[in-house]
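Contents: one structure, followed by commentary.
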Amino acid sequence: QQLAKEYLRIIEETGVKTVLSSTWRLYPDLRDDVKKAGIDFISCTPDFRHLAIRGEEIDAWLAWHPDVEKYCIIDDDSDMLPHQPHFKTSIYEGGLTREIANRVIQFFAIK
């Protein structure tokens, strides 16, 4: 479980909270798998699949949570908006690699 290992390292080193925006949020069994991997997400983005792209779902969640000061998206999909900090993973290139995790950690270290 490389993904969980690197993601848990991001959480440990940055203290970030997780909001689930992947399609996994739509299925109880997959949400349970995320929790079993040790990733305790605080919320999920809304499901506007038939009306909007993922980036718009994330923007809607952020609009409802104006206290969020900094965020990033770690996902293998590309349907994000140009202004969104997106760290793209690839199932074909190892998913959430150590290199990507390091870039995310550095992103949160910059004020």
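The values are calculated or read from the model by the stated rules, or taken from the named source; none is laboratory data. All of these numbers come straight from a predicted model, not from anything done at the bench. Neighbour counts run over all protein chains shown; Cβ positions are idealised from the backbone, glycine included. These area figures cover heavy atoms from the full protein model, side chains too; ligands, DNA and RNA do not enter into them. Shrake-Rupley method; radii C 1.70, N 1.55, O 1.52, S 1.80 Å.
Once the 1.4 Å probe is applied to the protein heavy atoms, region 25-111 comes out at 66 Å² accessible per residue.
The candidate values are (1) 2, 11, 22, 25, 25, 12, 3, 0; (2) 2, 11, 20, 21, 18, 12, 6, 4, 3, 2, 1, 0, 0; (3) 2, 13, 25, 24, 19, 10, 4, 2, 1; the one derived from this structure for P(r) over Cα pairs in 5 Å bins from 0, in percent carries the label (1). With helices as the sole contributors, the chain gives -12500 deg cm²/dmol at 222 nm; each DSSP H run of n ≥ 4 counts as -39500 (n - 2.57), and the sum is divided by every residue.
Using a Förster distance of 25 Å, how high is the FRET efficiency between His83 and Ile42, based on the Cβ-Cβ distance and rounded to 0.05? In this case the efficiency is close to 0.65. Taking amide H atoms as placed 1.01 Å from N in the peptide plane, the amide H of Thr18 lies under 5 Å from those of Ile42, each 5 or more residues away in sequence or on another chain. How high is the FRET efficiency from Thr14 to Glu56, r the C-beta distance, R0 30 Å, rounded to 0.05? Computed FRET efficiency for Thr14 and Glu56 comes out at 0.70. Taking each residue as 0.36 nm, the span from Lys5 to Ser22 lengthens on full extension beyond its C-alpha to C-alpha distance by 4.3 nm.
In this structure, the amide hydrogen of Phe87, modeled 1.01 Å from its nitrogen in the peptide plane, lies closer than 5 angstrom to those of Ile73, Ile74, Asp75, counting only residues at least 5 positions away or on a different chain.
From the alpha carbon centroid of region 23-50 to that of region 72-111 is 18 Å. Farthest towards the positive end of the charge dipole of the chain, among the residues Pro82, Leu62, Gln106, is the Cα of Gln106, using unit charges on the Cβ of Lys, Arg, Asp and Glu. Taken over region 1-51, the convex hull of the Cα atoms encloses 81 Å³ per residue. Surface composition of region 10-111: carbon plus sulfur atoms hold 53% of the accessible area, using a 1.4 angstrom probe and ignoring ligands, DNA and RNA.
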